[in-house]
Amino acid sequence: MGFLTDHPHTAVTDTIDRVCSSEQFTLEVELASLIQQIRAGKSDYENGNNQIEAARCLRKKLKYGNRLQQARALELMNLFVSQRIKFPEMYNDAKLLDRLQVIAMQSGTDGSGKRYHPRIIKKCVAYILGWSEFLEEQGPSRSYEGLDALARKVKSKYTTKPAGSRRRKGFMNDKADASIMSADDRYGIPRIDMTKEAPKIRLLISDSLATSVSLKNTLMTLPRTLNSTDDEEATAKFVQARAMRRKVLRYLQLVTEGEFLGSLLHANEELVSSLSAYDELSGNLSEDESLLSDDNEDNEGDEASYLSSTLSTQPERYDSNDPFGDQNRI
């Protein structure tokens, strides 16, 4: 290309190329150095140019990259926004916003003329809907005007719900598994070591809220003609949310007062809300049909098997004396 059409190429482009092209780099770890590179300019003008360069590199990955590069570019963009890094030039870059809109609205193809993979579309939509919630919380800001306009368009496309019909509510009957209770609990003397369990409760509350939001975001990306029960990703997250709720219910049996009671109740409400949203999109039921019924042991086993292959494969350390450990399967 001639010198009039060449774009700036600095360490910003090199870093984005590197971290988006391989999974051996952890984006969260690389984020800090990348932010420093973008902010390395000696003036606001140079900082702005670095943001534009980053936006251009992300857009090219989304348009011309393979599926891995597209996914990593979306994940990196989400990190910038979710960590509240103010890069107004990037968030208002017309070409980057247009490319995100093409993916989320399924209105075009990538640079090779191929339609985007459904997982890329879902990831993009879920992130944009998440940004929408963040932008609504923080209020109007010129730094995010472009993102806000994009989020409104995407939200209007994916938040329409189909007409109501008779639903499945079997998950509302989920109960804590009595077999994991200690002997004292069985004889009516509930006991819990709050010093030991407090960190686990905090983590469970955090994971429950994140799981609920993740399920809701996935449901928002479903095509209007597709039932939630026909979508593998939505169903896997439904199973995960249901398992989380059982854990919350186990703790609610023992935690009757103190700082965690309100948070556990809130986590339960959010999980019920997301599970109900899945149920609302599940389609009509026949008279004798039952989804995930409690008396169908084979279905529960299939759910656990599917979930274990969908979630992280990192092994967990179990304490055989921990009544709340995951080795005590429900």
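Throughout, read-outs are computed from the coordinates displayed, never taken from laboratory work. Bear in mind the structure is a predicted one, so any value in this text is a computation, not a measurement. With ideal geometry, Cβ positions are generated from the backbone for all residues, glycine too; neighbour counts draw on all protein chains shown.
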Where labels lie 7 Å past Cα in the beta-carbon direction, separation of Val213 and Thr10 in nm: 3.1
Partner lysines for Lys196 [C-alpha distance under 21 Å; skip if fewer than 8 residues away on the same chain]: Lys247
Difference of contour (0.36 nm per residue) and Cα-Cα distance, Glu46 to Gln24: 4.9 nm
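With the Cα gyration tensor of the range 11-158 giving a ≥ b ≥ c as the square roots of its eigenvalues, does the rule (a/c under 1.5 for rounded; else a/b larger than b/c for prolate; else oblate) give rounded, prolate or oblate? Don't jump to the answer; show the numbers that get you there.
Details: a/c = 1.63, a/b = 1.12, b/c = 1.45.
In terms of gyration-tensor shape, oblate.
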Lysines whose Cα lies under 26 Å from that of Lys157, excluding same-chain neighbours fewer than 8 positions away: Lys60, Lys61, Lys63, Lys95, Lys114, Lys122, Lys123, Lys216, Lys237
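Can you put Glu257, Glu145, Glu232, Glu30 in order, fewest other beta carbons within 10 Å first?
Ranked by crowding around the Cβ, least crowded first: Glu257, Glu232, Glu145, Glu30.
Full extension from Leu31 to Ser107: what is 0.36 nm times the residue separation minus their Cα-Cα distance, to one decimal in nm?
Numbers: separation 76, 0.36 × 76 = 27.36 nm, distance 3.04 nm.
Fully extending the segment from Leu31 to Ser107 adds 24.3 nm.
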